[in-house]
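Working notes, structure below.
The values are calculated or read from the model by the stated rules, or taken from the named source; none is laboratory data. As the structure is a prediction and not an experimental result, all values here were calculated from the model. Reconstructed Cβ throughout: ideal geometry from the backbone, glycine too, with neighbour counts over all protein chains shown. When the accessible area is computed, the model is the full protein with side chains, heavy atoms only, and any ligands, DNA or RNA have been set aside. Shrake-Rupley method; radii C 1.70, N 1.55, O 1.52, S 1.80 Å.
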Amino acid sequence: MLIKKPADIRPSEITPPELYARRREFLKTAAVLGAAAILPPALGGRIARAAADDNLKPTPYQDVTTYNNYYEFGSSKSDPSENAGSLKTKPWTVTVEGHCEKPGQYALEDFLGSQTPEERIYRLRCVEAWSMVIPWQGVPLNKILPRFQPTANAKYVEFTTLLDPAQMPGQRTRLLSWPYVEGLRMDEAMHPLTLLVTGLYGKELPNQNGAPLRLIVPWKYGFKSVKAIVKVRFTEQQPRTTWSSENPDEYGFYANVNPAVDHPRWTQKKERRIGDLFRRDTLPFNGYAEQVAGLYAGMDLRKSF
Amino acid sequence: MALQIDRWFSLVVKPLVFVACLLPLAWLLWLTWQGQLGVNPVETLSHRTGDWSLRFLLLTLAVTPLRRLSGWNRLQRFRRMLGLFAFFYVGLHFAVYLVFDQFFDWQAIVADVAKRPYITVGFTAFLLLIPLAVTSTNGMMKRLGRNWQRLHRLVYLIAVLGVLHYAWLVKADLREPLLYGGLLSVLLGYRLWWWRGRGHSATVIRSTR
């Protein structure tokens, strides 16, 4: 199953944040004026709300870059934007190892090859029950991994974040066992929605958002989307990933967004979209079920959460 | 002279403390008005009102030890006010949850309270505070007599539940809940020490008699 352009993801032109904001306002105004002109007020209001509530309205740049979970720079949401400035992202080397024909150390440019980044507007659902919509720029992982010629033993891919307490103050505390490790099954990694991200809102990826290279797997909880990647390893065994080893009852390896499986301590049925006052329903696979549900056919997603 | 101090105390000092206790709310309202609550305003409101609930609970529990240590008995007269402000901020904290997190979805709230340990514990603490607030008047103190103090010892349990509520919801960084827990342990530990000491001296007095 290869879907190049899922219906609800328009790789729209790269637009500055101001324009996004204005477009949104325009949409709202138009809907309100139009509806108010021809419809009874109650109905008009509902239509205006529906128009403003489309599920791919990008979260403002300011919010995307100041509300982050990135414990390497501290555990509060504002810590990363305050502390990540010190991270040196150039030059950057990515080590490729494990079950592949072309392991080695690659400069970031060589690792990415000649691929031009494309824009993808994705929903991001955090395991903490908040969400955003973010216009990323990146390269689908399935255009990069094959270049290293993974062997038949490569069943999983493991990603590791930089370990450098001098640059990452959060790593001086034992909040988590550093370095941060995440992983995907090979077919998840090769799915066309899986993106290696280098930019955001048409700009270079800010440090607090995982510069210079991060993963985005839009149908999984945000913690799967590992930041500041320095190592990619092909493995035969399922990788030991950070949150699921910290707390296996609460965070699984798959971590697919699933309103039917609650976090033991809080519900996953609803989420607060940043910018909204009230919660909205969480969608199975974060709304990407049509594209990805097939990957998990025959699996019990209550057990493999 | 003592009368004058009393008058000054109830006409100036107590109103000042009252206003000071409203400052956190005023600050939150100001931030809301200015749109300065951050990227996730509801979460900010929820966390800040929760913080102030715990802080006022700890302040209330600090009154008696401070009075004993300083010998300044008038401190006691702040205790009810601080306790009621703790209840006030807990009420706001619950209101944020009720309106913005659940939007009066009682079914979901019942499910939350039943299934989520941190909510069970927090909600219990909130419920237990209600009888304490209701019986905080002078009339009720008189009417309940010795039972009043028995009833109001519930505040120790409430504070423990409050800290537990906080500790149970964080993902990994336990430092702040542990700080509250540490302060609470000091305040409760002081009481244990005091009671044991008094029990001790009481037996000593009895035996020398």
Here the residues within the range B:9-43 that are within 14 Å of chain A (Cβ to nearest Cβ), open to solvent by 30 Å² or more (accessible area, probe 1.4 Å) and of a type in the set (Val, Ile, Thr) are B:THR32
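Quick grid of which residues meet (1) in a helix (DSSP H, G or I); (2) of a type in the set (A, V, I, L, M):
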residue: A:SER244; (1), (2): yes, no
residue: A:GLY252; (1), (2): no, no
residue: A:ASN258; (1), (2): no, no
residue: A:GLY275; (1), (2): no, no
residue: A:PHE285; (1), (2): yes, no
residue: A:GLU290; (1), (2): yes, no
residue: A:ALA293; (1), (2): yes, yes
Contact list please: Cβ distance under 6 Å, first residue in the range A:169-187 and touching a residue at least 60 places away in the same chain (Cβ under 8 Å), second residue hydroxyl-bearing (Ser, Thr, Tyr) and part of a helix (DSSP H, G or I), pairs at least six apart or on different chains. A:GLY170/A:TYR71; A:LEU175/A:TYR71; A:LEU176/A:TYR71; A:LEU176/A:THR242; A:TYR180/A:THR242; A:VAL181/A:THR242
Which one of the conditions (1) open to solvent by less than 40 Å² (accessible area, probe 1.4 Å); (2) within 25 Å of A:ASN68 (Cβ to Cβ) does B:SER53 fail to meet, given that it meets all the rest? (2)
Does A:GLU97 meet the test of being touching a Lys or Arg at 6+ places or on another chain (Cβ under 6 Å), at pLDDT 95 or above and open to solvent by 10 Å² or more (accessible area, probe 1.4 Å)? yes
Working only within the range A:240-270, note down all residues that are open to solvent by 20 Å² or more (accessible area, probe 1.4 Å), of a type in the set (Val, Ile, Thr) and more than 9 Å from every other protein chain (Cβ to nearest Cβ). A:VAL261
Given the criteria hydrophobic (A, V, I, L, M, F, W, C) and within 30 Å of A:THR173 (Cα to Cα), does B:VAL170 qualify? yes
If I ask for residues that are among the polar types (S, T, N, Q) and over 14 Å from the mean Cα position of the chain (by Cα), which ones from the range A:127-146 would you list? A:ASN142
If A:THR151 satisfies all but one of (1) of a type in the set (Ser, Thr, Tyr); (2) touching a Phe, Trp or Tyr at 6+ places or on another chain (Cβ under 6 Å); (3) farther than 20 Å from B:ASP173 by Cβ, what's the number of the condition it fails? (2)
When the range A:281-292 is examined, which residues are found to be open to solvent by less than 40 Å² (accessible area, probe 1.4 Å) and not aromatic (Phe, Trp, Tyr)? A:THR282, A:ASN286, A:GLY287, A:ALA289, A:GLN291, A:VAL292
Would you check which residues across the range B:58-83 are open to solvent by 50 Å² or more (accessible area, probe 1.4 Å) and either of a type in the set (S, T, N, Q) or within 14 Å of chain A (Cβ to nearest Cβ) (or both) and list them? B:SER70, B:ASN73, B:GLN76
Given the condition farther than 30 Å from A:SER81 by Cα and touching a helix residue (DSSP H, G or I) at 6+ places or on another chain (Cβ under 6 Å), answer yes or no: does some residue in the range B:44-55 qualify? no
Per the filter on the range A:206-219, residues within 21 Å of A:THR66 (Cα to Cα), open to solvent by less than 10 Å² (accessible area, probe 1.4 Å) and not in a helix (DSSP H, G or I) are A:GLY210, A:ALA211, A:LEU213, A:LEU215, A:ILE216, A:VAL217, A:PRO218
Six or more apart or on different chains, Cβ under 7 Å: which pairs go from a residue in the range B:50-69 that's free of Cβ contacts under 8 Å to residues at least 60 places away in the same chain to one that's surrounded by fewer than 18 Cβ atoms within 10 Å (Cβ to Cβ) and in a helix (DSSP H, G or I)? Could you list them? B:VAL63/B:LEU75; B:VAL63/B:GLN76; B:LEU66/B:LEU75; B:ARG67/B:ASN73; B:ARG67/B:LEU75; B:ARG67/B:GLN76
Sole miss for A:GLY170 among (1) out of contact with any Leu (no Cβ under 7 Å at 6 or more places or on another chain); (2) more than 20 Å from A:ASN83 (Cβ to Cβ) is condition (2)
Scan the range B:48-57 and give yes if some residue there is more than 14 Å from chain A (Cβ to nearest Cβ), in a helix (DSSP H, G or I) and of a type in the set (Lys, Arg), otherwise no. yes
Unique residue being away from chain B (no Cβ under 14 Å) and under 20 Å from the mean Cα position of the chain (by Cα) when the list is A:LEU124, A:LEU112, A:LEU87: A:LEU112
On the given criteria, is A:GLN149 at positive phi, over 19 Å from the mean Cα position of the chain (by Cα) and at pLDDT 95 or above? yes
Residues within the range A:61-84 that are within 9 Å of chain B (Cβ to nearest Cβ), closer than 16 Å to A:LEU163 by Cα and out of contact with any Leu (no Cβ under 8 Å at 6 or more places or on another chain), tallied: 1
Residue under question is A:ASP249, and the condition is that it be free of Cβ contacts under 8 Å to residues at least 40 places away in the same chain and out of contact with any Lys or Arg (no Cβ under 7 Å at 6 or more places or on another chain); does it hold? yes
Looking at the range A:228-258, which of its residues are touching a strand residue (DSSP E or B) at 6+ places or on another chain (Cβ under 7 Å) and over 30 Å from A:ALA107 (Cα atoms)? A:GLU250, A:ALA255, A:ASN256, A:VAL257
